[in-house]
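Read the structure below first, then the notes.
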Amino acid sequence: MKYCDYPSRSLMVMACQRGIQVYDADGSVMLYWHSLVPPSSDEVSASFARGISTFQDCMLCIGTDSGNILIFDVPTRGANIVLREMLKGHTAPISCLFNKEDLLGSGDDSGKVVVWQHDVDSNSIQVLTTIDIQGSPCSSVLLWEELVIVAYASGLIRVFNVLGRLHAEVAAHARWITAMDVAPATGLVLSVSEDSFAKIWQLKSEDTVEIEHKASECVQDVQLCGCRFTSVNGSSFCVTGYDLAEVICFAAK
């Protein structure tokens, strides 16, 4: 589930096994339903939707188990949400999506990452870069300045440029990295893992691209599964974990 903010409205979007549900901001009214299985089917389906992102102030992107990315047009008001196109650049299930301006990053369960770019002249979304390092599922993708930051189930974080060149790699966690976030104003990256650690990293992209460890916090006996900076400069953040009915917040002293 993710709250998606647009210039004129906010939506609550849920991706699940049978389809995609779009609600208004407070969740009281369902505006749109997109089924991934035939409406008349009562059988248990292996289909699922995973990965949610806004794009270009008027689009909603949803990943699927087939590796396709569904692109919906979102109106400024009302419920006339329409399937616009389907992006086909993956063969494994989509695991994560992230957008920045005219770029969309997608990762899948094979470890493949695709960076897409919106072409204004043709009003279409095209492949800019493919990063095909297989062996471990991609669990999170971020875009910051001209960099692509990718987290893997192996605990690695790799930093590429938007053309796919590898600049840095760090063994960030001992177990599966479950989520990442970036502070756009400072280039701080927050990562959490099933190893119970939340870690902050500093990206540097002046002369050479570097990633430096800045801080760590351990939430004892909790497998962390979600994180988010709560300030644009990365001075505060929140995390949560599996089967944890609370959000834990941290702030710099």
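Numerical summary
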| read-out | value |
| --- | --- |
| Linear extension gain, residue 213 paired with residue 58, 0.36 nm per residue minus alpha-carbon span | 52.2 nm |
| Accessible area, probe 1.4 Å, largest first, for residues 55, 48 | 48, 55 |
| Most to least accessible of 230, 186 (protein chains only, probe 1.4 Å) | 230, 186 |
| Most mobile listed residue (215, 168, 151) in the chain, GNM with C-alpha springs under 10 Å | 215 |
| Distance cut-off 18 Å, percentage of C-alpha pairs in the stretch 61-141 lying past it | 40 |
| Cα convex hull volume per residue for the stretch 1-102 (Å³) | 104 |
| Linear extension gain, residue 169 paired with residue 46, 0.36 nm per residue minus alpha-carbon span | 40.9 nm |
| J(HN,Hα) series, the stretch 104-120, from Karplus relation 6.51 cos²θ - 1.76 cosθ + 1.60, nearest Hz, glycine and proline x | 10, x, 9, x, 9, 6, 8, x, 6, 10, 10, 9, 9, 10, 7, 8, 5 |
| Intensity falloff of the chain expressed as log10 I(q)/I(0), Debye formula with alpha-carbon point scatterers, at q = 0.07, 0.10 Å⁻¹ | -0.23, -0.49 |
| Sequence-distant lysines (8 or more away, or on other chains) whose Cα lies within less than 21 Å of residue 88 | 100, 112 |
| HN-Hα J in Hz across the stretch 75-83 - Karplus 6.51, -1.76, 1.60, θ = phi - 60°, x for Gly and Pro | x, 5, 7, x, 10, 7, 7, 10, 5 |
| Cβ crowding within 10 Å averaged over residues, with 14-20, 201-207, 24-30, 109-115 ranked highest first | 109-115, 14-20, 201-207, 24-30 |
| Charge context of residue 165, other residues only, Cβ under 14 angstrom, K/R +1, D/E -1 | -2 |
| Contact order normalised by residue count of the stretch 107-206, Cα under 8 Å, 6+ apart, percent | 18 |
| Area of residue 98 that stays accessible when all protein chains are in place (1.4 Å probe, Å², to 10) | 40 |
| Solvent-accessible ranking of 159, 222, largest area first, probe 1.4 Å | 222, 159 |
| Check: the stretch 106-162 dipole with +1 on Lys, Arg Cβ and -1 on Asp, Glu Cβ, in debye | 220 |
| Residues with amide H under 5 Å from that of residue 112, placed H, sequence gap 5 or more | 138 |
| Pairwise Cα inverse-distance average, inverted: Kirkwood Rh of the stretch 195-253 (Å) | 12.6 |
| q = 0.17, 0.24 Å⁻¹, the stretch 124-171: log10 I(q)/I(0) [Debye, one scatterer per Cα] | -0.48, -0.91 |
| Convex hull volume per residue for the stretch 153-253, taking Cα atoms only, in Å³ | 101 |
| Selection from 99, 141, 238, by position along the positive dipole direction of the chain (Cβ) | 238 |
| Charge dipole magnitude, Cβ of K and R +1, D and E -1 - the chain, Cα centre, debye nearest 20 | 120 |
| Cα-based shape type of the stretch 45-181, given that a ≥ b ≥ c are square roots of the gyration tensor eigenvalues and the cut on a/c is 1.5 | prolate |
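The values are calculated or read from the model by the stated rules, or taken from the named source; none is laboratory data. Worth saying up front: this structure is predicted, and the values here are computed from it rather than measured. Positions of Cβ are backbone-derived with ideal geometry, glycine not excepted, and every protein chain shown enters the neighbour counts. Ligands, DNA and RNA are excluded from the accessible area calculation, which covers all protein heavy atoms including side chains. Shrake-Rupley method; radii C 1.70, N 1.55, O 1.52, S 1.80 Å.
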